[in-house]
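> The structure is given below, and queries will be raised subsequently.
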Number of protein chains: 4
Amino acid sequence: MVGGGNGGNIGNSHRRGAAMDNMAVLSAGCFTRNSERNLADGQYWGVDPSRIYRDYREMADKESQRKDGIDFVSIVTPNATHYEITKCFLEHGIHVVCEKPFTLDVKQAEELKALADEKGLNVCVTFTYAHYPVLRECRELIASGALGKIIEVVAEYPQDWMILGLNSEEDNFTKWIGDPKKSGNSNVTAAMGVHLYYLMKSMTGLQLEKVLADFSYYPENAPLETSARIMMGFSDNIHGFCWASNTAIGHDCTVTLKIYGEKGSIEWSHEDMSHLKVAKLGGPVQLYAANRAYLSEPARHASRIPAGHPEGFYEAFANIYHEFCRHLLDKKNGAMQSPAQYFYPKAQDGVDAVRFVQACVKSQANGNTWVRLDADFS
Amino acid sequence: MVGGGNGGNIGNSHRRGAAMDNMAVLSAGCFTRNSERNLADGQYWGVDPSRIYRDYREMADKESQRKDGIDFVSIVTPNATHYEITKCFLEHGIHVVCEKPFTLDVKQAEELKALADEKGLNVCVTFTYAHYPVLRECRELIASGALGKIIEVVAEYPQDWMILGLNSEEDNFTKWIGDPKKSGNSNVTAAMGVHLYYLMKSMTGLQLEKVLADFSYYPENAPLETSARIMMGFSDNIHGFCWASNTAIGHDCTVTLKIYGEKGSIEWSHEDMSHLKVAKLGGPVQLYAANRAYLSEPARHASRIPAGHPEGFYEAFANIYHEFCRHLLDKKNGAMQSPAQYFYPKAQDGVDAVRFVQACVKSQANGNTWVRLDADFS
Amino acid sequence: MVGGGNGGNIGNSHRRGAAMDNMAVLSAGCFTRNSERNLADGQYWGVDPSRIYRDYREMADKESQRKDGIDFVSIVTPNATHYEITKCFLEHGIHVVCEKPFTLDVKQAEELKALADEKGLNVCVTFTYAHYPVLRECRELIASGALGKIIEVVAEYPQDWMILGLNSEEDNFTKWIGDPKKSGNSNVTAAMGVHLYYLMKSMTGLQLEKVLADFSYYPENAPLETSARIMMGFSDNIHGFCWASNTAIGHDCTVTLKIYGEKGSIEWSHEDMSHLKVAKLGGPVQLYAANRAYLSEPARHASRIPAGHPEGFYEAFANIYHEFCRHLLDKKNGAMQSPAQYFYPKAQDGVDAVRFVQACVKSQANGNTWVRLDADFS
Amino acid sequence: MVGGGNGGNIGNSHRRGAAMDNMAVLSAGCFTRNSERNLADGQYWGVDPSRIYRDYREMADKESQRKDGIDFVSIVTPNATHYEITKCFLEHGIHVVCEKPFTLDVKQAEELKALADEKGLNVCVTFTYAHYPVLRECRELIASGALGKIIEVVAEYPQDWMILGLNSEEDNFTKWIGDPKKSGNSNVTAAMGVHLYYLMKSMTGLQLEKVLADFSYYPENAPLETSARIMMGFSDNIHGFCWASNTAIGHDCTVTLKIYGEKGSIEWSHEDMSHLKVAKLGGPVQLYAANRAYLSEPARHASRIPAGHPEGFYEAFANIYHEFCRHLLDKKNGAMQSPAQYFYPKAQDGVDAVRFVQACVKSQANGNTWVRLDADFS
């Protein structure tokens, strides 16, 4: 692991998610620049002091030379550093799990993707919400044609942390997330909107072709957007939209996804993350519950506890790591299936997310016009 | 009443809503063109045969000449006839309750509004959803500043009747509602989107200045839109959006409204029409229930039954008629307060709704660009 | 109508419920003992002054002699008077709708039932909650065997009006409802528990054979119970329980019913009165919604408005009156079906409810032992 | 760890819960009687082969002699073996976490409790549901007097696993759980009812004095009860009840708890485990969410992830282990606070639960009469 010094929420999510199914062990790391705390943190997490490194380059060097070196690295450092660290590990032949965003600009993301492909390495960018157990069922249902042809996709993600932070006298991360010098040219679209895009894409398999974004700002003179309303044009002339706001008082983390087809629909809400509302044309809404025998095999395998015992955010994280590790193990054992058989967010998803953000930013700059995702953002 | 021959759902809503609080009695009418059924229907509803008329012009003539003639007429005829019938009764000095839409084009709507103003007559256009008891509390809370300055408004209305009807072998109203010859240049925006706009407006008092609409069509070659995603620009640079679809399988009539301010937020859903989610910055979400003592006086007066006993769609309808009749009675008795004190959708709301639809249609025609509501739509 | 002087909530429910489907017209009445207000109220409700009576005996006499006299009377007077008034109208050959409780003691209730049977008259005692549209579906599903053999029935009804009233400085009805001189030997069991019993019985058709009740009291020295926990033994050795409390802070009127069978279950909650949760063994929970095409014909006929438009308490009331009037009309027209085809609470239901209350009271007095409903309570 | 051979659900819950906060490491164990699998499992979980033992006695012996021996053992073996294994480790001076039930009879439970007390050792019996983050807030609110004097406590736990298993052709654990030879004299009360009792006790601090139980059986001739309805008499003349059924089709694991006081109430449901409904007399219901700043310090500390990111069953388990380990560490470091400051289910809770089951069984055997928990059950 690189980053994730003791106490960080993101680092804990990765550590707990990776360890959950006993498929990975934290064996080496470089947790923080403060060398004393680095050593203490690493030992606290059970890492042998000889494999706690001062900087990530040293770590990549040394670990890539050990016979028992790490198979993959988890990168949970500040956003602006993802590019260089990922690049370094890929160059050393080490697979990568990178906290989102993959990078801050499109060119860098595509460079990393190309590098990984060239080296035959796997990259995972952790968009988590799509990996709750019942969303595995959602994906299977759609792939099986249960909804018929998709006709509309809708998602939203209101939250209140930005407005809470702005109203707080304490120093907090909303101070830097609203600052373009520190977080690039997007606030809520990059922080939250991308999750909606990945959810839509990973569930439906639809290709997003273009967006039309309308941003708003709180306070009015804020340099980066705090609410983004985004119209979306998918392949096959399918339309949809999403909305993300971090100034929506009263919401914890209310991600909602609705997918409408010609024959049925599916609705999922993070507030009730263990159920799926599945409707067939003309029939009653059905509540699919996690880990029930009527679910598909992949969906049942995405659960760990008997139905009715909630699996939360860490378990969703663990599902990503589980699939990523399964991919690596199958590769090692020469039993690899097609990449699509391993359900985790890959390098291409990381690239797409950066393109999505840049397309939205450009749409807003252009006065709310359609911008294609394959536009040139350099 | 004009229209509403026995069996019609809309006619029943008006009859039941008008009678609920014993403030109006059905005394005269012209219910259908079939003269036999007209007579039968009228008598079934307790109307004296001498006041059951063959056509609305005769009714307006005769009733306006009677000393005990009707105070107001309820018009529940097909949409395309609203203009001429409303005009006729206004010309005869009779107040009007008109089912929405007010008219099919802006010019006609404005003409009727001007005529009513000139004659000093009251017009009500029945947009119903804003008139559930707890939404009265919503309006009072916002007016009192409980949410601070509004920063975003969001609403949606997915329903499945269009896709159900299109898949049905029986003849049904989706056949004509999708036909531009019968329903003008808009399907879902005119039928459902306008409800969202009126909800937003009547709750917040904000002025809608412009819209940017993205329509989609089911089946793909349908002449009129079946889903409308609409970005909205309100006065004071406040943004929002709404979405209406009648091809969203699994939804009955799931109107949802969310209003975000600097200090708090309110969320309401038609599925739980007797509660309001009220959140203050940093505090827990509170569930306000209809007819509770902690509500404001106007909100308590908008309920009829002790808390916990649901008041449904007819009671929301009755709240419109109650306020409309109260307005007429106060006028009669020379005790009229300012019009704003009577909470029902008025002629201006009818005009605004027509402008809203035309602005959306134009935005779509223009390739999804912003269109001002005060544009020229002739 | 007898009783229901202007302003009373119960009177309004009956008036609105009876008028809803245009099957009954308020033609005569005796609304209050204050003769001035009696006349004013009657006229306000559109009753011809010549048919507004000073007392109910005069009304029964005169109306039974008129050729166009009332077909039935609705009795909404204080509980203690139900017996004598019902008796009087039955003796005059007039059908009766009586607000619950039917009477305060078993002997009186059985006497009225016998009298009605002897005279061939219909009696309705208005237990309302079972008459929401989707509960009609519940009844049909169970009758059709969809749940298999019933194995357990559970219901609850917590509310807070008693504890609110006791804490209020204003005079309110909790003062008399807690007073044995005014409301007999039971408070919450008679006021609320009986609703649960009727719900269970009318949905399942099961016969309740015995109860074991545990009462509690707030304040501790209150003479009548404010919470009743009741174990229930039905025919065929089926067990269940119910709980009613009027000191449960936070609840409006949260009636919940759960019925479990060998093959499936049904759950209904008053808070979401338009949906039914239907589960089949091993399958997902299904949400049946009112007025959907997949419902049985009787359930669809119990709705008035398209799916998704809530029908509330008045509409449930109207369903009782609808069935009662249909029964009378079919009788008049010589087209009467078996009484079971008319779904409204009948005299026997009124008798059973009084027996239920007395059995619970006796169980508590006996130190929480089983008491049979067919015990001698004289 | 003793028991928990690879694949077992309970073993995984303990392993994941114990490891979550990095306060414990799995260092030794005896996982199954099959020595080959035992070794494989232990190594899979990272245990040094030299500390994987053939039987628990050897483990207790050897570990108690090592300087770096285990501080505590987690016992996740079949119910009937809990007594002897716990006894063995306590005798060797090792703290114990024991999966519930503590023992199958009262005498054994009390013996273990006395032994632990005598040895100054800590025992934890894992009743999990009370340890979701927001229930920590519930406990604090009640302790702070926010509800006033408690007046009624109600809980239920319907589930369908027994009826599902009985209808399944595959072999499954419902075959032995219904067999008195294998699971003692109670099925659903011991398996599920005890959770409700512990929830009530740990939240309110009330002492349960007596119970009156009514059991039912599915199929009718089943030797052990599949549904238990239990009236409860607490100290201070406070009454309540609970209901547990494992033949309730449609329910996953729907634990619900409702606590009513003179000034307010709290409701919690496992289906929405991250929220608490808190009502004050006369005020709106408030939804308290996990990890919000308005919560008490202990409740905030019981969460690991920002508000809105669900923490599930493993995290509740982790909260038990966290508090248990904190207790041990403070003891080690001589900084121990009063035992009440460490919130986990202790030996006394284990004893009480066994008494609860036996009192219910006796009440049923006695024909549904009150039985005191301090009765003699030998």
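The values are calculated or read from the model by the stated rules, or taken from the named source; none is laboratory data. Just so you know, these numbers come straight off a predicted model, no measurement behind them. Neighbour counts run over all protein chains shown; Cβ positions are idealised from the backbone, glycine included. For the accessible areas, the whole protein counts, side chains as well, though only heavy atoms, and no ligand, DNA or RNA atoms are used. Shrake-Rupley method; radii C 1.70, N 1.55, O 1.52, S 1.80 Å.
> In whole Hz, with x marking every Gly and Pro, tabulate ³J(HN,Hα) for segment B:63-74 from phi via Karplus 6.51 cos²θ - 1.76 cosθ + 1.60, θ = phi - 60°.
5, 6, 8, 6, 5, 9, x, 4, 7, 8, 10, 9
> Hey, another quick one. Order A:135-145, A:62-72 from most to least packed using the mean count of other Cβ atoms within 10 Å.
In descending order of packing, they fall as A:135-145, A:62-72.
> While we're on this one: Which of the peptides D:15-22, C:103-110 is most tightly packed, and how do the rest follow, judged by the mean count of other Cβ atoms within 10 Å per residue?
In decreasing order of mean packing, D:15-22, C:103-110 become D:15-22, C:103-110.
> Provide a whole-number value for the mean count of partner chain Cβ atoms within 10 Å of the Cβ atoms in peptide D:301-309.
6
> For the residue pair A:ALA222 and D:GLU58, what label-to-label distance in nm results when each label sits 7 Å from Cα along the Cα-to-beta-carbon direction?
Here the answer is 6.3 nm between the modelled labels.
> Which ³J(HN,Hα) values in Hz, rounded to whole numbers, follow from the phi angles of segment C:243-249 under the Karplus curve 6.51 cos²θ - 1.76 cosθ + 1.60, where θ = phi - 60° and Gly and Pro get x?
9, 9, 9, 10, 10, 9, 4
> Moving on. Would you work out what percent of the accessible area of the protein assembly as shown, with all protein chains in place, is carbon or sulfur (probe 1.4 Å)?
Roughly 48 percent, rounded to a whole number.
> Next question, about the same structure. Just which residues of segment B:311-332 lose 50 Å² or more accessible area with every protein chain there, against their chain alone, with the probe set to 1.4 Å?
Those are B:PHE313, B:TYR314, which lose 50 Å² or more relative to the chain on its own.
> Let me ask another. Any idea of the accessible area per residue across segment A:1-44, 1.4 Å probe, to the nearest Å²? The partial results should precede the final answer.
Working: 1860 Å² over 44 residues.
Accessible surface, normalised per residue, equals 42 Å².
> Could you work out the helix-only [θ] at 222 nm for the protein assembly as shown, with each DSSP H run of four or more residues adding -39,500 (n - 2.57) and the total divided by the number of residues, to the nearest 500 deg cm²/dmol?
Estimated from H runs of four or more residues: -10500 deg cm²/dmol.
> For peptide C:222-231, how many partner chain Cβ atoms fall within 10 Å of a residue's Cβ, on average?
3
> Something else: Work out the mean other chain Cβ neighbour count within 10 Å for the residues of B:162-168 and drop it here as an integer.
What the average comes to for B:162-168 is 3.
> If I model a spin label at A:GLU170 and D:LYS181 as a point 7 Å from the Cα along the Cα→Cβ vector, what separation in nanometres do I get?
Modelled inter-label distance: 6.0 nm.
> Using the Kirkwood radius over C-alpha pairs as Rh, can you work out the diffusion coefficient of the protein assembly as shown via Stokes-Einstein at 25 °C, viscosity 0.890 mPa s, in µm² per second? Each step should come with its number before you reach the end.
Details: Rh = 34.9 Å.
It diffuses with D of about 70 µm²/s by this estimate.
> Follow-up question, since we're still on this one. Ballpark to the nearest 100 Å², how much total accessible area do B and D bury together, probe 1.4 Å?
800
> Now for a different question. If you count only protein heavy atoms and use a 1.4 Å probe, how large is the accessible surface of A:ILE238, to the nearest 10 Å²?
Solvent-accessible area, nearest 10 Å²: 10 Å².
> Further question on the same structure: Say each of C:ASP68 and D:SER269 gets a label point 7 Å from the Cα, pointing the same way as Cα to Cβ; how far apart are those two points in nm?
5.3
> Which residues' amide hydrogens lie under 5 Å from the amide hydrogen of C:PHE102, considering only partners 5 or more residues apart or on another chain, with H built in the peptide plane?
none
> Let me ask another. Quick one: work out the % antiparallel among DSSP beta bridges in chain C, nearest 5.
Once the DSSP bridges in chain C are tallied, antiparallel ones form about 65 percent.
> Which whole-Hz ³J(HN,Hα) couplings does segment B:164-174 yield from phi under the Karplus relation 6.51 cos²θ - 1.76 cosθ + 1.60, θ = phi - 60°, glycine and proline marked x?
4, x, 5, 8, 8, 7, 6, 5, 7, 5, 5
> At B:LEU329, label 7 Å along Cα→Cβ: distances to the other copies, nm, ascending?
3.1, 7.0, 7.5
> How many nanometers, to one decimal and shortest first, lie between the label point of D:ARG372 and those of its other copies, if labels sit 7 Å from Cα toward Cβ?
Nearest to farthest, the other copies are at 3.4, 8.5, 8.6 nm.
> Students often get this wrong, so check it: of B:LYS107/B:LYS181; D:LYS201/D:LYS362; A:LYS201/A:LYS263; C:LYS100/C:LYS181; C:LYS107/C:LYS258, which have C-alpha atoms separated by over 28 Å?
Numbers: B:LYS107/B:LYS181 19 Å; D:LYS201/D:LYS362 21 Å; A:LYS201/A:LYS263 19 Å; C:LYS100/C:LYS181 18 Å; C:LYS107/C:LYS258 32 Å.
Violating the 28 Å limit, Cα to Cα: C:LYS107/C:LYS258.
> May I pose another question? Can you give me the C-alpha center-to-center distance between segment B:187-252 and segment B:105-122, rounded to a whole angstrom?
Value for the Cα centre distance between the two parts: 25 Å.
> Moving to a separate point now. Could the peptides C:35-41, D:344-350, C:288-294, A:302-308 be put in order, highest first, of the mean number of other beta-carbon atoms found within 10 Å of their residues?
D:344-350, A:302-308, C:288-294, C:35-41
> Turning to a different aspect of this structure: Collect residues whose amide H, placed 1.01 Å from N in the peptide plane, falls under 5 Å from the amide H of B:LYS210; neighbours closer than 5 in sequence don't count.
The list, which skips near neighbours in sequence, is B:GLY233, B:LEU373.
> Continuing with this model, one more query. Given the convex hull of the Cα atoms of segment C:134-181, what is a quarter of its surface area in nm²?
6.1
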